[in-house]
Amino acid sequence: MIYLDNAATTKTCDEAIKAMTPYMNEKYGNPSSAYEFGNMGKEIMDEGRKKLSRIINCSPEEIYYTSGGTESDNFAIKQIPKTFKGRGRHIITTGIEHHAILHSCQAMEREGFRVTYLGVDRNGRIRLNELINAISNETVLISVMHANNEIGTIEPIAKIGEIARKSGVLFHTDAVQSFCHIPIDVKHMNIDILSASSHKFHGPKGVGFMYVRDGIKIHPFMDGGSQEKGLRAGTGNVPGVAGMVAAATKAHENMRRNVKYVTGLRDYFINRVMREIGGIRLNGHPVYRLPNNINISIKGVDGAVLMVMLDLKGICVSTGSACTQNNTNPSHVLLAAGLSEAEAGNSIRITLSEDNTKEEIDYTINVLKEEIKKLREKA
Ligand SMILES: *Cc1c(COP(=O)(O)O)cnc(C)c1O
């Protein structure tokens, strides 16, 4: 099998599995218990906060563990505006966010909040003047993703952060696709709240974290015990956190090398496919792009059909985002970037990791050439 769907999830690395095991078979105490046996779990969770905070340049007290990207996004979109609704009931986001953000925004609209969905240009980037014009004294939150999960476009986060800070509006970013893939500095980028998810950087599934800048008081998201400083009750996911932190440490240490390697594979793939197969359009930004993302529209070829053909040859790719796999609606991200429904339907997404080899890429390109030729002949 050739796995080329690393934006959907990644393989859990050996380091993560090794870090998790002792917290299941030996040190399984409850991290909230007062005795030493529980304390082992608390220690690894506190140690984890230190390590994660160094990666994004915040303090350990600003890290809150959650069950992943979806929970962190729900937290940001629902709790921040509810906490600050005395100031206003307006949220600004973009039309290309993950459904964890978009559906949370729709839930807020049902509760009487107003949401502005910013458009994007042909490359998937928001326009800063549109953002500036959308801000009013009713605005309590701006949420713009750091990097898009479908087309890989990296948004101008530092500039957005600067605009938000100057306007006195809180700024959240969904960094699920970028954390441990490209550098993040929450201070330099003026980020107030950030979402991250372990299984997108070779950690286990069902665990993630949120960064909330010190001084921002939010209503609790989960009522119960006093875990996560009372913000998010529930017994700590000690093995999950241990695995996530081990994966983050490894990914961060190797980031520079991984970026170089994966970008090389990505550009090799894009260049060959563009040169050797006609009628290909690269979606997303040519420069401000995640190192591992390839998203192409293939003229005359149905992306969903091509995906099945590749699956039969043992190659995993995706059309749009995994969460929309079961519906045939064209990707909201591609439509927002101005593609027609037909162009959006002709697209596939290939997302790489440092585990992929050049041989895998060569094999995939050959299969693509054959299958595209067959599908175009049939059409
Ligand atoms: C995967 C993903 C999420 C959801 O994260 P989970 O941990 O799977 O809930 C949110 N946002 C983006 C951009 C993602 O890629």
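Summary table
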item: Student exercise, the range 35-152 dipole from Lys, Arg, Asp, Glu Cβ charges, in Debye to nearest 20; result: 360 debye
item: Candidates ARG289, ARG266, ARG110: whichever shows maximal mean-square fluctuation once the chain is modelled as a Gaussian network with Cα springs under 10 Å; result: ARG110
item: Relative contact order (%) - the chain, alpha-carbon pairs under 8 angstrom, separation at least six; result: 23 percent
item: Volume per residue that the Cα convex hull of the range 201-317 spans, once the total is divided by residue count, Å³; result: 197 Å³
item: Cα-based equivalent ellipsoid of the chain: semi-axis lengths in Å, sorted from largest, via gyration tensor; result: 35, 27, 17
item: More than 18 angstrom apart: percent of Cα pairs within the range 23-153; result: 65 percent
item: Degrees separating the helix 255-276 axis from the principal Cα axis of the chain, which is the longest one; result: 20 degrees
item: Within the chain, longest stretch free of exposed GluC sites (Glu not before Pro) [DSSP loop, at most 16 other beta carbons within 10 Å]; result: 139-379
item: Given 14 as the ceiling on other Cβ atoms within 10 Å, longest exposed-site-free region of the chain for chymotrypsin sites (Phe, Trp or Tyr not before Pro) in DSSP loops; result: 36-379
item: 222 nm mean residue ellipticity, helices alone, for the chain (DSSP H n ≥ 4; -39,500 (n - 2.57); rounded to 500); result: -12000 deg cm²/dmol
item: Compactness of the range 37-95, expressed as Rg and Dmax over alpha-carbon positions, Å; result: 15.4, 48
item: Residue-span extension gain [HIS219 to ARG257] - 0.36 nm each, minus C-alpha spacing; result: 9.6 nm
item: Highest-fluctuation residue, THR173, THR139, THR116 considered, GNM on the chain with Cα pairs under 10 Å; result: THR116
item: Within the range 71-85, backbone nitrogen closer than 20 Å to the virtual label 7 Å beyond the Cα of SER32 toward Cβ; result: 71-72, 75
item: Among TYR363, ASN237, PRO183 the positive-end extreme of the charge dipole of the chain (Cβ point charges); result: PRO183
item: Degrees between helix 157-167 axis and first principal axis of the chain (Cα, 0 to 90, nearest 10); result: 50 degrees
item: Unit charges on C-beta of K, R, D, E only; dipole of the range 146-244, Debye; result: 160 debye
item: Most fluctuating residue given options GLY215, GLY284, GLY41, as computed from a GNM of the chain linking Cα atoms under 10 Å; result: GLY215
item: Within-13-Å neighbourhood charge of ARG122 [Cβ basis; K, R +1; D, E -1]; result: +1
item: Crossing angle, helix 36-56 versus the chain [Cα axis fit, 0-90 degrees, rounded to tens]; result: 50 degrees
item: Quotient of Cα Rg and 2.2 N^0.38 Å for the range 199-263, N being how many residues it contains; result: 1.42
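Throughout, read-outs are computed from the coordinates displayed, never taken from laboratory work. None of the values given here were measured: they were computed from a predicted structure. So basically every Cβ, Gly included, is an ideal-geometry build from the backbone, and we count neighbours across all protein chains shown.
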